[in-house]
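Peer 1: Just passing along the structure, written as structure tokens.
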Amino acid sequence: MPELPEIETIKNDLAVKLLNKKIVQIKVNLPKIVKNPLAGFLKKLINESFKKVNRRGKLMIFEINKDLFLLIHLRMTGQLIYQEKGVVIAGGHSDTKLDFSLPGKHTHLYFTFADKSQLFFNDLRQFGYAKLVDKKELDQTLLRFGVEPLSADFTLQKLKDLLKNKKRNIKAFLLDQQVIAGIGNIYADEILFASKVFPLRRTETLNAKEIADIHTNTKKILQKAIKYRGTTFNNYVDSEGKKGSFLNFLQVYQRANKPCLKCKSIIKKIKVAGRGTSLCQKCQK
DNA sequence: CTTCTTGTTACTGA
DNA sequence: ATCAGTAACAAGAA
């Protein structure tokens with residue numbers, strides 16, 4: 001599941017690779033992945049180039065010009081893989097095959113640039129999307145996003161303000177993109193474990209230390225995950241088709257029925273906010 | 001065969 | 001107004 005650290009990794013890589021390269025060909029294999037009328041989508045992009053690439057939450061934003069932006073959301077199983085001419089890379093969804101070639105079975109959209117390099121949008125479950133928007137629609141879209149957890153805006157006071165008047169469990173709060181943008185199931189579980197807070201705890205019952213710990217751990221864990229280029233346990237790969245290695249640092253996510261790394265009691269799995277949630281009953285209160 | 005997997009939106013009901 | 005829960009989307013793993 002690509003969350004903030006995974007999207008940030010892809011975005012940073014692409015920013016040094018494909019900016020200002022002329023798009024000479026666009027192939028759409030699965031039209032529903034493109035959320036615009038196809039003819040206009042192709043016409044507006046062909047012979048143009050991406051001038052900037054940004055991220056907001058889990059959304060990638062490619063700027064074509066000041067009034068045209070390509071939004072790409074990978075949802076759960078999307079991949080964005082960039083390949084220089086003639087370079088055969090690992091990756092795709094069959095990551096056991098080291099010579100996996102692109103486009104593949106799950107490549108729904110890809111761009112070819114003037115230097116023959118290519119950008120492939122793969123998505124096994126077809127929930128991801130690409131959408132061209134103007135500045136007005138971009139701004140409207142971005143209104144729905146909460147604070148960026150790694151920005152200077154996300155202070156302890158800001159978190160306290162966000163928690164004010166909220167009555168829900170803390171995991172649902174962390175997952176709500178309109179409150180804080182970019183945290184998904186993996187990092188929500190990791191943040192709560194590190195903060196010793198039980199995922200079902202009501203936000204109004206959190207004490208000052210717990211709120212401060214959640215604030216600190218959110219920043220720390222997301223930053224560390226970016227440093228290790230994200231978490232791969234199934235589909236996620238970076239823009240070179242390579243896995244992220246933060247999997248090796250996960251403390252609780254995907255460790256159900258294994259001993260807690262801190263206290264050795266067995267990690268439980270329950271459902272919270274509709275998601276599988278891993279937790280330690282002894283460490284998290 | 002069934003069940004589970006998850007980001008987001010839409011919808012229902014409390 | 002808020003929030004919880006569920007279905008939907010789709011395809012694969014176990």
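The values are calculated or read from the model by the stated rules, or taken from the named source; none is laboratory data. Everything numeric in this text was worked out from a predicted model, so none of it was measured. No Cβ is skipped: glycine too gets one built from the backbone with ideal geometry, and neighbour counts run over all protein chains shown. Please note that ligands, DNA and RNA were not included when accessible areas were found on the heavy atoms of the full protein model with its side chains. Shrake-Rupley method; radii C 1.70, N 1.55, O 1.52, S 1.80 Å.
Peer 1: Which shape class, rounded, prolate or oblate, goes with segment A:142-220 when its Cα gyration tensor gives a ≥ b ≥ c as root eigenvalues, a/c under 1.5 marks rounded, and past that a/b bigger than b/c marks prolate?
Peer 2: Cα axes put segment A:142-220 in the rounded bin.
Peer 1: Dipole size in debye (nearest 20) for chain A around its Cα centre, Lys and Arg Cβ +1, Asp and Glu Cβ -1?
Peer 2: So the magnitude is around 920 debye.
Peer 1: So how far apart, in nm, are the two label points at A:Ala152 and A:Phe249 if each is 7 Å from Cα heading toward Cβ?
Peer 2: 2.4
Peer 1: Sum -39500 (n - 2.57) across every DSSP H segment of at least 4 residues in chain A, then divide by the residue count to get the 222 nm mean residue ellipticity, nearest 500.
Peer 2: Here the helix-only value at 222 nm equals -8000 deg cm²/dmol.
Peer 1: Counting only heavy atoms of protein chains, what accessible area per residue, in Å², does chain A have with a probe of 1.4 Å?
Peer 2: Roughly 46 Å² per residue, with all protein chains present.
Peer 1: Where in chain A are the DSSP H helices whose alpha-carbon span along the long axis reaches 18 Å or more and whose Kyte-Doolittle mean is at least -1.0?
Peer 2: The qualifying helices are A:4-17, A:208-227.
Peer 1: Then there is this: Take the Cα coordinates of chain A, assign each an equal point scatterer, and use the Debye formula without solvent to give log10 I(q)/I(0) at q = 0.13, 0.14, 0.17 Å⁻¹.
Peer 2: Summing over Cα pairs of chain A leads to -0.90, -1.01, -1.33.
Peer 1: Could you list, in their original order, any pairs among A:Lys43/A:Lys136; A:Lys52/A:Lys220; A:Lys32/A:Lys271; A:Lys171/A:Lys219 whose Cα atoms are separated by more than 24 Å?
Peer 2: Correct reply: A:Lys52/A:Lys220; A:Lys32/A:Lys271.
Peer 1: According to a simple spin-label model (label point 7 Å from Cα along Cα-to-Cβ), what is the distance in nm between A:Lys209 and A:Asp176?
Peer 2: 2.7
Peer 1: Can you give me the C-alpha center-to-center distance between segment A:101-136 and segment A:144-166, rounded to a whole angstrom?
Peer 2: Using only Cα atoms to place each centre, the spacing works out to 33 Å.
Peer 1: Share of chain A's accessible area from carbon and sulfur, percent, 1.4 Å?
Peer 2: Here it works out to 52 percent.
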